[in-house]
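Student: Take this structure, written in structure tokens, and hold onto it; I'll ask about it next.
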Amino acid sequence: MTDCYAEKPILPYEKFMLFGAGALTEAELLAIILRTGTKNCSALELAQKILSIAGQEKGLNSLHHVSIEELMEIPGVGEVKAVKIKCLAELAVRMAKERAGKTLQFSAPNTVANYYMEMMRHQEKEVVLLLLLDNKLKLIEEETLSMGTVKASLLSSREVFIQALKCRACYIMLLHNHPSGDPHPSNQDIEITQKIKAAGELMDIPLLDHIIMGDGCYISLKEEDLL
């Protein structure tokens, strides 16, 4: 016999009010942001569909890799919801960066990697950042030197030192990501690093490090004695 008085499942918002945000799944958290679903699809079911389009195993991190256009192809996701979702992903990056910024020291590669990790790990192409530092190892400016293809970046040592001289930098540091998620340096990475290091020594603007970002991991060429 069917129990007519069976308890209804707790909706994500009600669950939040009862147990707090920590008790919610990623889909439930996203459902609260979405607020509504469609006639045939609840907000929670819609959230699950959104998380699945870039790979459920990545969870909320998948939101960085989905465009507004792709989101709007999902029935029930219009422009407003799509913009909310992308803003949520950007907020996560900025919150992580602000938290990591409290321990940032350019003499400590792990703190630099932590600070830039969320910004760079989700890039689908290689991005090379040049960090320009003063004589006290304080950041003067950061410049995007190149945005390459998925397989390779384009980096000009000439451009590095044009920027360094323009900003009167005393030290420089390079960062770039590997979209594959594997931060191990290629022969090309090592070669260009050695080239820039040699040029920096001649110009009295030392290269402190070249840090390569993977998916939640990094390699410092200085720590690996490759610099």
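The values are calculated or read from the model by the stated rules, or taken from the named source; none is laboratory data. It should be emphasised that the depicted structure is a prediction, and the values quoted were computed from it without experimental measurement. Glycine gets a Cβ as well: all are built from the backbone with ideal geometry, and neighbour counts include every protein chain shown. Surface accessibility is based on the protein's heavy atoms, side chains included, excluding ligands, DNA and RNA. Shrake-Rupley method; radii C 1.70, N 1.55, O 1.52, S 1.80 Å.
Student: With just the Cα atoms of the chain, tell me how far they stretch along each of the three principal axes, in Å, largest first.
Tutor: Sorted largest first, the three principal extents are 85, 32, 30 Å.
Student: Dipole size in debye (nearest 20) for the chain around its Cα centre, Lys and Arg Cβ +1, Asp and Glu Cβ -1?
Tutor: About 560 debye.
Student: Please give the contour-minus-distance gain from ALA23 to LYS49: 0.36 nm per residue of separation, less the Cα-Cα distance, rounded to one decimal in nm. Spell out each step's value before the answer.
Tutor: Details: separation 26, 0.36 × 26 = 9.36 nm, distance 2.05 nm.
That pair, ALA23 and LYS49, stretches by 7.3 nm at full extension.
Student: Starting with the highest mean, order 129-136, 109-116 by the number of other Cβ atoms within 10 Å, averaged over the residues of each peptide.
Tutor: 109-116, 129-136
Student: Keeping all protein chains in position, work out how much accessible area CYS167 exposes to a 1.4 Å probe, and write it in Å² to the nearest 10.
Tutor: Here the residue's solvent-accessible area equals roughly 20 Å².
Student: Within segment 118-227, which chymotrypsin sites (Phe, Trp or Tyr not before Pro) sit in a loop by DSSP and count at most 13 neighbouring Cβ atoms inside 10 Å?
Tutor: Of the chymotrypsin sites (Phe, Trp or Tyr not before Pro), not one in the loops of segment 118-227 has a Cβ with at most 13 other Cβ atoms within 10 Å.
Student: Now for a different question. GNM, the chain, Cα, under 10 Å: largest mean-square fluctuation among ALA31, ALA164, ALA23?
Tutor: Among ALA31, ALA164, ALA23, the largest GNM mean-square fluctuation belongs to ALA23.
Student: Can you grab the distance from the C-alpha centre of segment 81-129 to the C-alpha centre of segment 156-227, Å, no decimals?
Tutor: 19 Å
Student: Same structure again: List the GluC sites (Glu not before Pro) in segment 125-227 that DSSP assigns to loop (not H, G, I, E or B) and whose Cβ has at most 15 other Cβ atoms within 10 Å. Which are they?
Tutor: On the way: sites: GLU126, GLU141, GLU142, GLU143, GLU159, GLU191, GLU201, GLU223, GLU224; in loops: GLU126, GLU223, GLU224.
Loop-located and lightly packed - GLU223, GLU224.
Student: Sticking with this one: Could you tell me which helices of the chain pass both thresholds, a Cα extent of 18 Å or more along their own axis and a mean Kyte-Doolittle hydropathy of at least -1.0, with helices taken as whole DSSP H runs?
Tutor: What comes out of the filter, once short or polar helices are dropped, is 79-101, 187-203.
Student: So what is the 222 nm mean residue ellipticity for the chain from helices alone, if each DSSP H run of at least 4 adds -39500 (n - 2.57) and you divide by all residues, rounding to the nearest 500 deg cm²/dmol? Each step should come with its number before you reach the end.
Tutor: Details: 8 runs with 94 residues, N = 227.
Using -39500 (n - 2.57) per qualifying helix, the result is -13000 deg cm²/dmol.
Student: Right, another one. Just list whichever of LYS102/LYS195; LYS86/LYS125; LYS102/LYS138; LYS136/LYS166; LYS102/LYS136; LYS8/LYS81 have alpha carbons separated by over 25 Å in the model shown.
Tutor: Those over the limit are LYS102/LYS195; LYS8/LYS81.
Student: Follow-up question, since we're still on this one. If you count, for each residue, the other Cβ atoms within 10 Å and average over each peptide, how do 13-20, 77-84, 174-181 line up from highest to lowest? The partial results should precede the final answer.
Tutor: Working: 13-20: 12.2, 77-84: 15.0, 174-181: 21.0.
Packing proxy ranking, top to bottom: 174-181, 77-84, 13-20.
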